1. Just round it to a whole percent: the fraction of Cα-Cα distances in region 7-164 exceeding 26 Å.
2. How long is the gain from Lys119 to Asp13 if the chain were fully straight, where each residue apart is worth 0.36 nm and the alpha carbon distance is subtracted?
3. Where does the longest stretch of the chain lie that holds no chymotrypsin sites (Phe, Trp or Tyr not before Pro) found in a DSSP loop with 10 or fewer other Cβ atoms within 10 Å?
4. Can you give the FRET efficiency to the nearest 0.05 for Glu69 and Gln180, using r as the Cβ-Cβ distance and R₀ = 30 Å?
5. How much of the accessible area of region 20-85, in percent, comes from carbon and sulfur atoms when a 1.4 Å probe is used?
6. Please express the shape of region 15-100 as an equivalent ellipsoid: the semi-axes are the square roots of 5 times the eigenvalues of the C-alpha gyration tensor, given largest first in whole angstrom.
7. Using just the alpha carbons, could you tell me how many Å³ per residue the convex hull of region 57-99 encloses?
8. So what's the convex hull volume per residue for the Cα atoms of region 74-128, in Å³?
Amino acid sequence: CIPLGGYVKLAGDSPQEHTGGAEEYLSQPVRSRAFIVGAGPVFNYILAWVIFCLVFALSYTPRVGTVLEGHPAMEAGIMEGDIITEVDSRKVDTWREMSGLIQSFQGEQLKIGVERAGKTIFLNIKPDREEAEDISGKKLQISFIGIGRSSERYPLYKAPYKALSYLGRLTFLIIKGLSQIIAGIVPLK
């Protein structure tokens, strides 16, 4: 009832259990067995896409609603209505994703890609920092640049495309990470 994953035991899927019945897995032609095995991962992707569609339909876009005076964003030239597309060379799709990258930045100069009037420009910003505590009481340095979000959410018709784009990016990162582990570039642990 609740599609949160599971295990399906196929009849006759091991030589010890195979009795030769026409409905058993090992009695099927290779093409049918490949289809059966591939259906699981395909439906996992479809479920992930549906979930990401919902996430994007409920997410705020990374459009700047307000720029606070006297803060680094205004000094760097960020304007109300700008759409932030990149933070520290990482593409962003939602306000939450963008603000998380800014808050966790610990360097000196933050490179931000901004879409304005159909063109992308890149700005270097030295963020302000503030000390805060996480839920366990540990002290952290939080970076901020002095912007507030707009009330713009992704329209429903854009959510499927954004979800597909995001799913493609995640798939690429997984493949890249696994290939780097196999090549020994990144340690297994």
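The values are calculated or read from the model by the stated rules, or taken from the named source; none is laboratory data. Keep in mind that this is a model prediction, so the values were computed, not measured. Cβ coordinates were reconstructed from backbone atoms using ideal geometry, including for glycine residues, and neighbour counts include every protein chain displayed. Remember, those area values only see protein heavy atoms, side chains included, never the ligands or the DNA or RNA. Shrake-Rupley method; radii C 1.70, N 1.55, O 1.52, S 1.80 Å.
1. 50 percent
2. Here the segment from Lys119 to Asp13 would lengthen by 32.6 nm.
3. No qualifying site falls inside 8-156, the longest such stretch.
4. 0.10
5. Percent of accessible area from carbon and sulfur atoms in region 20-85: 69.
6. After scaling each eigenvalue by five and taking roots: 54, 11, 9 Å.
7. Expressed per residue, the convex hull around the Cα atoms of region 57-99 is 76 Å³.
8. Hull volume normalised by residue count: 81 Å³.
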